[in-house]
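The values are calculated or read from the model by the stated rules, or taken from the named source; none is laboratory data. These numbers come from a predicted model, not from an experiment. Glycine gets a Cβ as well: all are built from the backbone with ideal geometry, and neighbour counts include every protein chain shown. What goes into the accessible areas is simple: the full protein's heavy atoms, side chains included, and nothing from ligands, DNA or RNA. Shrake-Rupley method; radii C 1.70, N 1.55, O 1.52, S 1.80 Å.
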Amino acid sequence: MTTTPKRLLALVLTLLVLLAACSGDSDDDSAGDSAEAEPAADFGADDAAPATTVAPTEETEAPADDGDSAGDDGAAADQPTGGPGVVPAAVPTADLGRDIVFTANIDLEVADVAVASQRAAAEIGALGGIVFGQDATNDPTPRAVFTFKIAPEQFQAALAALADLGVPRSQTVSADDVTERVVDLQSRIQTSEASVDRLRALLEQAGDLDTIAGLEGQLLERETALEQLRGQLRTLQDQVALATIVAVFTQEAPAPALTLTQTGYEGTLADDACPGSDELSVDEGDELVLCATVLNSGDTMLSGLAFTDDSLDVDAADVTVVEGDLDALLAPGERIIVAYPVTAEPGRASTLRVTAEPTDADGNPLREAIRADGERVELDVRASDALPGFGDALEGGLDVLRTLVGIVVLVAGAILPFVWLVPVAWLVVRLLRRRRSSPLIDQQATEQPA
């Protein structure tokens, strides 16, 4: 009996020790859990902690169903991203949290204003934009001005698409931060709304007609001011929601041009002999026909073609049309061929020149006349070995006489401005002689006896 209580006491003590040990382990586990959970609590309170310190779990992703956060995630999902944390360059407002108004003005020189206008409307429409305004004119040159509205995230893409339609002459892009103005208008609207509510409450409690009339006047003024503030806010919000692009399309200036090619052949004028050859070797005195091929290598109509060759003494009256019509308009890509006869003479070369006037399809002048010079055509003329005859001698004498007369005329022309010096010199000489003879006369008078 005595041993039984001792055994029971030992059993109770053993149980107490085991219970104490279990409670210690549970305390350590709970302390360890709280220690591991503590950094997560600190990270949630610290906004500057990096997002990579906590791996996403089901518990951390669950709050994404909240209304505000869902709205933010939806706005970010609409933007193109190249990876985590990449900020799209085209839409800085979505990441900066600012209200920014994007505007651009681009001036393009295009080949065809009508075609460029259609393509521009199609390109902007494909990006989700709209044509907000259009102004076109054809006087004096085709020109069109478009106003486009497009989402800010498509702003850069729209500018790139428009720039591909022609040659940009100027471009201005601006971004105006209107966040402070928006916040100021919202604050003034809240204050005005509170003031209007107070006036309405006072108006409901007023019983005097004069008081009612005064309150109604003040209420009308404040409601008007409130609507103006709301209108200004809506205008700013619309400008932020849609970027504005003003595109000006101007027709390229016409570039008229002429290409002149010279050839020739030996003999007399024939309708089907041109263009002939570009190398001519003939004897002195032979008959030649020089051909000129004129190509309209520009982009405008040409009229009034005129040919001259000062070296060979050729003018428009000496030119014969072989192909084409000088009186008709010469369209781009068309050509005309003319020919003129000459006599082969040593030392002479062709220096043909052609002029033309750019015109429209109706023949109205567009700008000043243009000119093209042909390449110098050297004539290989072999001198004649025959003795000169009476005619050659007479012609040579006449040439010498003409040369002498020309020299005389030239000398006379050079002396004529100084003819007045001859009488002046004669007068000077006479005066000098008189002065020399005067002392002799005085001396002879003094030597005579009184």
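Taken together, the residues in region 184-195 that are of a type in the set (V, I, T) and either open to solvent by less than 70 Å² (accessible area, probe 1.4 Å) or at pLDDT below 90 (or both) amount to 1.
Pairing each residue of region 344-366 that is over 21 Å from D318 (Cβ atoms) with any residue that is open to solvent by 50 Å² or more (accessible area, probe 1.4 Å) and among the hydroxyl-bearing types (S, T, Y), provided the two are 6+ apart or on different chains, yields no C-beta distance under 6 Å. Quick check, is T211 surrounded by 12 or more Cβ atoms within 10 Å (Cβ to Cβ), hydroxyl-bearing (S, T, Y), free of Cβ contacts under 8 Å to residues at least 24 places away in the same chain and over 30 Å from R98 (Cβ atoms)? Spelling it out, T211 is indeed surrounded by 12 or more Cβ atoms within 10 Å (Cβ to Cβ), hydroxyl-bearing (S, T, Y), free of Cβ contacts under 8 Å to residues at least 24 places away in the same chain and over 30 Å from R98 (Cβ atoms).
Based on this model, can you work out whether P346 counts as modelled with pLDDT of 85 or more and either farther than 30 Å from F132 by Cβ or of a type in the set (D, E) (or both)? Here the answer is no, as P346 does not meet what is asked.
Looking at D373, D380, just one residue is closer than 30 Å to S303 by Cβ, at pLDDT below 70 and open to solvent by less than 100 Å² (accessible area, probe 1.4 Å), and that residue is D373. Within region 394-415, the presence of at least one residue that is open to solvent by 100 Å² or more (accessible area, probe 1.4 Å), at pLDDT 80 or above and under 60 Å from the mean Cα position of the chain (by Cα) is confirmed. When A111, A136 are checked against the criterion of being within 15 Å of the chain's Cα centre (by Cα), modelled with pLDDT under 90 and exposed (fewer than 14 other Cβ atoms within 10 Å of the Cβ), a single residue qualifies: A111. Of the numbered criteria (1) out of contact with any helix residue (DSSP H, G or I) (no Cβ under 8 Å at 6 or more places or on another chain); (2) modelled with pLDDT under 90; (3) within 30 Å of A225 (Cα to Cα), the one V178 fails is (1).
Among the residues making up region 324-344, those that are open to solvent by 80 Å² or more (accessible area, probe 1.4 Å) and not in a strand (DSSP E or B) are D325, D327, E334.
Taken over region 278-305, the criterion of being open to solvent by 40 Å² or more (accessible area, probe 1.4 Å), at pLDDT below 85 and not in a loop (DSSP other than H, G, I, E, B) is satisfied by S281, D283, E287.
The residue that is surrounded by the most Cβ atoms within 10 Å (Cβ to Cβ), among those in region 234-248 that are touching a Lys or Arg at 6+ places or on another chain (Cβ under 9 Å) and assigned to a strand (DSSP E or B), is A243. Screening F148 with (1) in a helix (DSSP H, G or I); (2) in contact (Cβ under 8 Å) with a residue 40 or more places away in the chain; (3) open to solvent by less than 70 Å² (accessible area, probe 1.4 Å) gives one miss only, at (1).
Pairing residues of region 156-185 that are at negative phi and in a strand (DSSP E or B) with residues that are of a type in the set (S, T, N, Q) and loosely packed, with under 14 Cβ neighbours inside 10 Å, at Cβ distances under 8 Å and at least 6 apart in sequence or on separate chains, gives no pairs at all.
The set of residues in region 249-259 being in contact (Cβ under 8 Å) with a residue 60 or more places away in the chain and either assigned to a helix (DSSP H, G or I) or surrounded by fewer than 18 Cβ atoms within 10 Å (Cβ to Cβ) (or both) consists of E252, A253, P254, A257, T259.
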